[in-house]
Structure formats: C-alpha cells, structure tokens
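Notes for the one structure printed next.
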Amino acid sequence: MKAALYRAYGSAAGALCVEEVDRPEPGPGEVRVRMQLSGVNPTDWKSRSGATPRPIEGFQVPHHDGAGVIDAVGAGVDAARVGQRVWTWMAAAGSRWGTAAQWSVVPARQAVPLPDNASAELGASLGVPAITAHRALFADGPLQGKNVLVAGGAGAVGHYAIELAKFHGARVAATVSGPAKAELARRAGADLVVYYREASAADQLRAFAPQMDRIVEVALGANLDLDLAVSGPSTYIVDYAAEATDPVLPVRRCMTANVTIRFILLYGIPALAADEAVADISRAVTAGALTELPVTIFPLEQVAAAHDAVEAGAVGKVLVKMP
C-alpha cells in the first residue's frame, strides 16, 4: 500500500515521504480501515517535527484522524463490522499506523460508526478537535443553561466546542480576530461573536454574561486578561494548547476571581472520558448537530504541503485524500 511516513524528525519536506509498505493486518481487538480521507491536526506536525517527540520504531505513519471503511477485523471483533463506514481517533498514539495511508489498523473502539447522513469530510475532521472540545466543555459538569466562552471560535476545536455546547443547551459567546472568522463562528451557532482585539471586548462579553461558566481557551497567556474579566467562582478556564512562551499567571487576580484553571492534553485524558466524548460526539453527528469546516484537500503525494498548511495556520480543516 501507499503510505506517508517519516523515519526521523524534521521539516515536512525533509522528513515526510510517500512509499510502498506492507499492508498491516488487524490484531486481536483491532480493525483495519481502508482510509478515504486523513485529517491533519497541529499535533501531527509537532510530532513529525520533533517538537513533541515520541519513539519511532522503523517508521511512523502520521495522523490520528480519518474516515474510511472497515475491510477486515481481528480476533474478538464482530465480523459484521466489515463494510462499516467509520471515523477514527488517536490512530497514531502508540502505533506506527496513522491514517495517512491507504490502510490503517486501530483498536475497534477507535473506529467509530459514521452515520449515512455524515460526509467523509466531516468524519475525518472529528477526532482530535471534537474530543478535545468535548473534554474542555464537560470535564467539570453538564452545560445545560450555562454560559460558555470559546476563544478562537473559528478554529477546529473552537468550531466543535460551539456546536457541542449549543447541542447541550448552553449559551455561547466566541472570540475571533476578524470578519471571515466571525462568520464561521456564527455559522457554528455562536450567540455572540466578539473581536478580541477591540477595546470593548470585555464589556461586550459582560453584557452577554457577567460571569462565564466555561472558557475554552486556545491561548491562555494572550487571553487571560480578557478571561479574568468575565470569571468568578463558578468559572473553569480550560486550556488545551501551549504557546511558544509559557504565560505568567497573575496569581492575585486569579485568587480574587476564585477561578479554576484546567489544562488538558488529549493523550492523557482518562479512557472513560474519551469513550464518553466519542459516544456524545456520535449522538451529535447523528442528530446533524456537528458540521464541516471549510476543507482544503491535498492528495497523499502532497502530504508535506498539507503539514505546512496546518503549521502556517490554515483556516478551516486540512485533509489528505488517499489514492
């Protein structure tokens, strides 16, 4: 089969190549998926670059997320799953078989049925962003009637945070940098969209809700002043991304607000939380509550360009199409 892979860390052009490798076989408890589309996330280029290094055993096929069809199952897996459309999550975590290949093998629980009403583009876009959004929203309780602020509402995590929060009955405000991203956040269902660079941003948010219950945060250092302006004892600020420079916490302001700051990294969340997130995301997909971001699709041979696009901050979702 054809697969994108790297044997050492480095730049996309220097490390990634497309080669013919043996097609993997599913082991006990695994399924094999004929991949259609592979989703590229920031964690993928960071792993490939060596910014977040992990052991490489011979070679690594990148990417956790994707959409395709199960064509084989290992021992202990219901044979009726063959032919099932699925979306995958965390495929490359602890495995060399990421989704940037014609076939991938994953544990059966990490190949999730994709309803007929959902496109492959949506399926390949879920995984890391949607599970991250779910954990950020629900790690500290239900959302019905709560006020939620989503920083970076046009990004993939922000997009699904808005949609999942609305699906669960929350009121949602989002911050963005400009008009095009504001339109994406509104289309996702945000009740209020604020340009975070505006001097009146805090006033606009306080008029919407004097205190937020959840703040889904993509840039804690850059946004903490604004976050604290709408925080109080019931506020959980949940940070899911690291910045180039670690922020310095204004401890007295955080104490005065009695705010709780939570940090999450998808690789280490409890397995039960991941399974609950996947089940809830599946319910939302079936209900039509989750939608696609604008997609840019690269052929497998241009996987390095796909990585570069994500690293450069491409708006929407970058996918790689399998031959």
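The values are calculated or read from the model by the stated rules, or taken from the named source; none is laboratory data. This one's a predicted model, so the numbers in the text were calculated from it and none came from an experiment. Note that we place each Cβ from the backbone using ideal geometry, even for glycine, and neighbour counts take in every protein chain shown.
Here Ala92, Ala108, Ala101 are screened, and the one residue that is more than 20 Å from Val295 (Cα to Cα) and either more than 18 Å from the chain's Cα centre (by Cα) or of a type in the set (Lys, Arg) (or both) is Ala108. Only residues that are farther than 13 Å from Gln302 by Cβ and in a loop (DSSP other than H, G, I, E, B) were counted across region 1-22, and they come to 8. Would you mind stating whether Ala244 is modelled with pLDDT of 95 or more and under 30 Å from Asp44 (Cα atoms)? Taking the combined requirement at face value, the residue does not satisfy it. Just one of the listed residues (Ala161, Ala199, Ala190, Ala165) is under 20 Å from the mean Cα position of the chain (by Cα), of a type outside the set (Lys, Arg) and in a loop (DSSP other than H, G, I, E, B), and it is Ala190. Selection of region 209-241 for residues being crowded, with 24+ Cβ neighbours inside 10 Å and polar (S, T, N, Q) yields only Ser231.
Residue-by-condition table, conditions (1) outside the structural domain of Pro26 (by TED's automatic domain parsing); (2) of a type in the set (A, V, I, L, M); (3) buried (at least 16 other Cβ atoms within 10 Å of the Cβ):
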residue: Arg54; (1), (2), (3): no, no, no
residue: Phe59; (1), (2), (3): no, no, no
residue: Pro62; (1), (2), (3): no, no, yes
residue: Val69; (1), (2), (3): no, yes, yes
residue: Thr88; (1), (2), (3): no, no, yes
residue: Trp97; (1), (2), (3): no, no, yes
residue: Ala100; (1), (2), (3): no, yes, yes
residue: Ser104; (1), (2), (3): no, no, yes
residue: Pro107; (1), (2), (3): no, no, yes
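Before we move on, is Glu163 closer than 20 Å to Thr291 by Cα, out of contact with any Asp or Glu (no Cβ under 8 Å at 6 or more places or on another chain) and in the same structural domain as Gly145 (by TED's automatic domain parsing)? Against the criterion (closer than 20 Å to Thr291 by Cα, out of contact with any Asp or Glu (no Cβ under 8 Å at 6 or more places or on another chain) and in the same structural domain as Gly145 (by TED's automatic domain parsing)), Glu163 qualifies.
Considering only region 293-314, state which residues are surrounded by fewer than 16 Cβ atoms within 10 Å (Cβ to Cβ) and assigned to a loop (DSSP other than H, G, I, E, B). Across region 293-314, the qualifying residues are Pro294, Ala312, Gly313, Ala314.
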